[in-house]
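Enquirer: Structure in structure tokens, see below.
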Amino acid sequence: IKICTAIQGNNFGSNTDADAALDEILNVIGASKRFVLQECSNINNALALTLNGVRYIMYDPEFMSSITSGNEWGKMYILAHEVGHHINGHSLDIILYANDVIDPKSLEERRNQELEADEFAGFVLAKLGATLKETSLVMKNIPLISNQSISTHPTSLKRIIAARKGYKKGVNNI
């Protein structure tokens, strides 16, 4: 709760639903449940972070609902994307960042990390039975990036391509 309060700035119907979705994702990739899933309102996002060696996935339920918009795969995609950040080693300890022990990643590095997480999410959705169209439609509801050069996130087209790449890997391994 303290972490959530610290990151809040100016749907899953419940945390139980989100927890069940996380279980499905982890079962598909054969990973143990070593994440703390925490609802965090008013951040208009979801994020992966680590604190004292504990891996967290924080999510704003209203943001999750806005991504869904008729495509129930949206929530699963966002959670898988955040798991992808953890699996790919993107989520370093926030205490180390806060104390300048670790230098922040460049915008280009952060955009590449987003693409890796999108690829992972596409892979997971394929394993869970989503279609390629359903996987791609999730991006329709993601906020558009008008100027990638000043953003932590790449353009929607690049993100769709990454998700499709992961999806194709997932389908080929079924």
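Enquirer: Using the structure shown, decide if residue 160 is within 27 Å of residue 31 (Cα to Cα) and of a type in the set (A, V, I, L, M). Even if it seems obvious, please write down each step before you answer.
Expert: Working: within 27 Å of residue 31 (Cα to Cα): yes; of a type in the set (A, V, I, L, M): yes.
Spelling it out, residue 160 is indeed within 27 Å of residue 31 (Cα to Cα) and of a type in the set (A, V, I, L, M).
Enquirer: If you don't mind, there's one more thing I want to ask. Hey, can you tell me all the residues within segment 1-49 that are open to solvent by less than 70 Å² (accessible area, probe 1.4 Å), within 26 Å of residue 143 (Cβ to Cβ), part of a loop (DSSP other than H, G, I, E, B) and modelled with pLDDT of 85 or more?
Expert: Across segment 1-49, the qualifying residues are 40, 41, 43, 45.
Enquirer: State whether one or more residues within segment 53-66 are open to solvent by less than 20 Å² (accessible area, probe 1.4 Å), of a type in the set (D, E, K, R) and assigned to a loop (DSSP other than H, G, I, E, B). Walk me through it before giving the result.
Expert: Taking segment 53-66 first, the residues open to solvent by less than 20 Å² (accessible area, probe 1.4 Å) are 57-61, 63-64.
Of the ones still in play, those that are also of a type in the set (D, E, K, R) are 60.
Now restrict to residues that are assigned to a loop (DSSP other than H, G, I, E, B): 60.
Within segment 53-66, one or more residues are open to solvent by less than 20 Å² (accessible area, probe 1.4 Å), of a type in the set (D, E, K, R) and assigned to a loop (DSSP other than H, G, I, E, B).
Enquirer: So which pairs qualify, if the first residue must be in segment 130-151 and of a type in the set (Lys, Arg), the second must be not in a helix (DSSP H, G or I), the Cβ gap must be under 9 Å, and the two must be at least 6 apart or on different chains?
Expert: Here the result reads 140/69; 140/71, each pair linking segment 130-151 to a residue that is not in a helix (DSSP H, G or I).
Enquirer: Count, please, the residues in segment 155-173 that happen to be over 19 Å from residue 68 (Cβ atoms) and either in contact with a His (Cβ under 6 Å, 6 or more places away or on another chain) or at pLDDT below 90 (or both).
Expert: Residues meeting the conditions: 4.
Enquirer: Is at least one residue of segment 97-117 under 20 Å from residue 18 (Cα atoms), open to solvent by less than 50 Å² (accessible area, probe 1.4 Å) and not in a helix (DSSP H, G or I)?
Expert: No: zero hits.
Enquirer: Quick check, is residue 81 under 16 Å from residue 166 (Cβ atoms), outside any loop (DSSP other than H, G, I, E, B) and touching a strand residue (DSSP E or B) at 6+ places or on another chain (Cβ under 6 Å)?
Expert: Judged against the criteria, residue 81 is not a match.
The values are calculated or read from the model by the stated rules, or taken from the named source; none is laboratory data. The structure presented is a predicted model; accordingly, all values stated were derived computationally and were not measured. Every residue, glycine as well, gets a Cβ built from its backbone with ideal geometry; the counts of neighbours run over all protein chains shown. The area values use the complete protein model at the heavy-atom level, side chains included, leaving out ligands, DNA and RNA. Shrake-Rupley method; radii C 1.70, N 1.55, O 1.52, S 1.80 Å.
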